[in-house]
Amino acid sequence: MTKSKNTMIFIDYGNLYHNAHELKFEVDYGKLMSVLGKNKNVIKATIYMGVIYPIKGKKIGWIKSLRRKYGIETKFRYLKETPRGFKEKGVDVLLAIDMLINAYENNYDIAVLLSGDADFIPVIEKIQALNKKVELWCFKDSV
């Protein structure tokens, strides 16, 4: 029997949320983790998101439940208020830096990225140049 490859899962919440919302369905994180981690040795899963400061009530409970129920860690940046509403800043950079640092530190063999954001293409290419496998999961026509 071959040893499972160490895998880290990186989830772009903003991209996932907006695509799921557009298609009018709610994400089942248990099923999502089951699919993304199938036949893999998942050593860490992290979801990256922008949140309104201060984080309150239901959002705090939901963030805690991601870890408790599904083993998903949460990393976030506070949303910036603009005249047209709130805007996510720094979340994609945080995700990209984590992917690269963990690749360089040899913490994983496989990176699973759930995002349809084409801005991640250079990051994926660099990680592949380090002889790491990258699985990109996204909604059809989102990249």
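Throughout, read-outs are computed from the coordinates displayed, never taken from laboratory work. Note that the structure is predicted; figures quoted are calculated from it, not measured. Please note: Cβ atoms are built from the backbone with ideal geometry, for glycine as well, and neighbour counts cover all protein chains shown.
Below is a table of values for the structure above.
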read-out: Straight-distance crosslink candidates among aspartates and glutamates, where the alpha carbon sits under 14 Å from Lys44 and sequence neighbours closer than 8 are dropped; value: Glu73, Asp98, Asp109
read-out: Isotropically averaged projected area of region 49-102, using the convex hull of Cα atoms (one quarter of hull area), nm²; value: 4.4
read-out: Label-point separation in nm, Ala118 to Trp62, each point 7 Å along Cα→Cβ; value: 2.9
read-out: Loop-located trypsin sites (Lys or Arg not before Pro) in region 82-143, at most 10 other Cβ atoms within 10 Å (DSSP); value: Arg84, Lys140
read-out: Dimensions in Å of region 100-143 - Rg and Dmax from alpha carbons; value: 10.5, 33
read-out: Gained length - Lys140 relative to Thr74, 0.36 nm times residue gap less alpha-carbon distance; value: 21.2 nm
read-out: Residue with peak Gaussian network fluctuation, the chain [Cα springs, cutoff 10 Å], from Phe120, Phe76, Phe86; value: Phe86
read-out: Over the chain: helical MRE at 222 nm, DSSP H runs n ≥ 4 each giving -39500 (n - 2.57), nearest 500; value: -11500 deg cm²/dmol
read-out: Fluctuation leader among Ala103, Ala118, Ala45 - the chain, Gaussian network, Cα springs under 10 angstrom; value: Ala118
read-out: 30 Å Cα-Cα threshold exceeded, pairs from Lys5/Lys80; Lys64/Lys89; Lys24/Lys89; Lys5/Lys69; value: Lys5/Lys80
read-out: Candidates Val27, Val91, Val51, ranked by Gaussian network fluctuation over the chain, Cα under 10 Å, top entry; value: Val27
